[in-house]
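Notes to accompany the following structure.
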Amino acid sequence: MKITKEELEKIKKLEGKARGQTIKNALQSVLIMEKEEGLGKLEKKLKELGYWLDIYKDYKKIKTFAWYPLWYDLLPIIVAADLFGWDEEKIKQFGVYNQKVSFFEKILLKYFISLRVVFEVARDRWRKHYSVGDLEPIEFNEKEKYAILRLKNFSGHPAFCPLLSGYFESATSFVTVSRRVISEETKCPFRGDPYHEYLVKWE
Amino acid sequence: MRKEVVLAQENPRELEEDLADLQKYIEDLTMFLPLAFCAVNPFSIILGVNQAFQDLTGYEEMEAIGNEIDFLFLEQEKLLIFKKKVAAESKRITGEFTLLRKDSKQIPVSLSGLARRGEKGEFLGYFLIISDISETKKFQEELEKKVEERTEELQEKIKELETFNKSVVGRELRMVKLKERIRGKIKRARRKKIKEQGKALLFYLN
């Protein structure tokens, strides 16, 4: 997944906003996976590319509930995936950490009372993080143990797809005693589909 | 009140700042707390922990979050009852457990759980505080040991006293008996003497 200047410019032009929380989550997850040294490397790389933002330096001071341009959030994720050579599994793990460190997820306990609730409020939860994109709960089958979520009107970047997959996997594992939760992207605009679609299965 | 709420909604920037302040307050407070603290959902899965939790258990934040609290404690059946109680009650529930640290050490701890409920009273999870009571336990055990030792000492002293008492009382009893015998002998000797003196007097008179 080699990132090009054109791609970065495309990301910069994406419409929409992201909560400060999402940027914090991303940088904190980089810290967990690549330690302080990794954050330093990411800073260097972003500076080289000319996309460094001062808010990344002291990311803990980013305003959790404030809205920032969407690319503020996507950029460090995409550049980190490229810089550290993360494969799909690694980016998925990055998504898991993003969910685990999220302050929203800690305080919004009412969304974690059952699998069905987690599924049904997916739209609301998405909107708390991003001003663009519509996350729709399509199917929830408790008997067969799977759920389908659809993300419309949000392209982002191919690196963001496995991240979301990991995020959904982690969010699901919080409301099931099952130790085995698997999420996969079954449809993707980067593969010619009209939207992203995720199948989440648990045992 | 209604007017104030509407005003706050009309000024989202102000609301965002207030929320950010609130978040900072919560994070600062939980991180400052010297007690190990964690937030748990209705499935007993850990959502968040503070620094004291990481110090006490030896598990880092990312290792703990997403796991059921069960892996932290030795007494599984007792824990199940504790969890049910926390979910059912509105007051704080406490209990003593053995914490299984990451380095395999076992520490006696006191668990306090308080349920979190939604507006309609639905159970949303709970807060858990883990306090290390190993020092208190150690002190209690030492105290119990001391009491036991003192009790043993006292029992020995009582035995000694009883033996002493028995020997003293036995001697006294023997002395009493001896005195009685002496008294009897004196009486008999006196009676004999009186008899003899009577006989002598009769003889003299005759």
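The values are calculated or read from the model by the stated rules, or taken from the named source; none is laboratory data. Please read these numbers as outputs of a predicted model, since none were measured by experiment. Because the Cβ atoms are built from the backbone with ideal geometry, glycine has one as well, and the counts that use them run over all protein chains shown.
Annotations
- Annotation note: of A:Glu169, A:Glu197, the sole residue that is in contact with a Ser or Thr (Cβ under 7 Å, 6 or more places away or on another chain), charged (D, E, K, R), at pLDDT 95 or above and crowded, with 16+ Cβ neighbours inside 10 Å is A:Glu197.
- Filter pass, A:Tyr146 being more than 14 Å from every other protein chain (Cβ to nearest Cβ), of a type in the set (Ser, Thr, Tyr), farther than 24 Å from B:Asn67 by Cα and over 14 Å from the mean Cα position of the chain (by Cα): no
- With respect to the stated conditions, B:Phe82 is more than 14 Å from every other protein chain (Cβ to nearest Cβ), assigned to a helix (DSSP H, G or I) and not polar (S, T, N, Q).
- For segment A:68-82, a residue qualifies if it is of a type outside the set (D, E, K, R) and closer than 12 Å to A:Lys24 by Cα, and the qualifying residues are A:Tyr68, A:Tyr72, A:Leu74, A:Pro76, A:Ile77.
- Taking segment B:93-206 as the region of interest, the strands (runs of 3 or more DSSP E) fully inside it that hold 3 or more residues being within 30 Å of B:Gln76 (Cα to Cα) and touching a Pro at 6+ places or on another chain (Cβ under 7 Å) are B:123-132.
- Candidates A:Glu37, A:Glu15 - the one that is more than 27 Å from A:Gly133 (Cα to Cα), acidic (Asp, Glu) and either in a helix (DSSP H, G or I) or touching a residue at least 60 places away in the same chain (Cβ under 8 Å) (or both): A:Glu37
- Taken together, B:Glu77, B:Glu68 contain a single residue that is free of Cβ contacts under 8 Å to residues at least 12 places away in the same chain and more than 26 Å from A:Arg19 (Cβ to Cβ), which is B:Glu77.
- The set of residues in segment B:69-79 that are surrounded by 15 or more Cβ atoms within 10 Å (Cβ to Cβ) and either within 14 Å of another protein chain (Cβ to nearest Cβ) or in a strand (DSSP E or B) (or both) comprises B:Ile69, B:Phe73.
- Scanning segment A:172-187 for residues that are surrounded by 17 or more Cβ atoms within 10 Å (Cβ to Cβ) and assigned to a loop (DSSP other than H, G, I, E, B) yields A:Phe174, A:Val175, A:Thr176.
- Entry remark, segment B:50-68: residues being of a type in the set (Ser, Thr, Tyr) and over 26 Å from the mean Cα position of the chain (by Cα) number 1 in total.
- Test result for B:Ala52, farther than 25 Å from A:Gly20 by Cα and assigned by TED's automatic domain parsing to the domain that holds B:Gly118: yes
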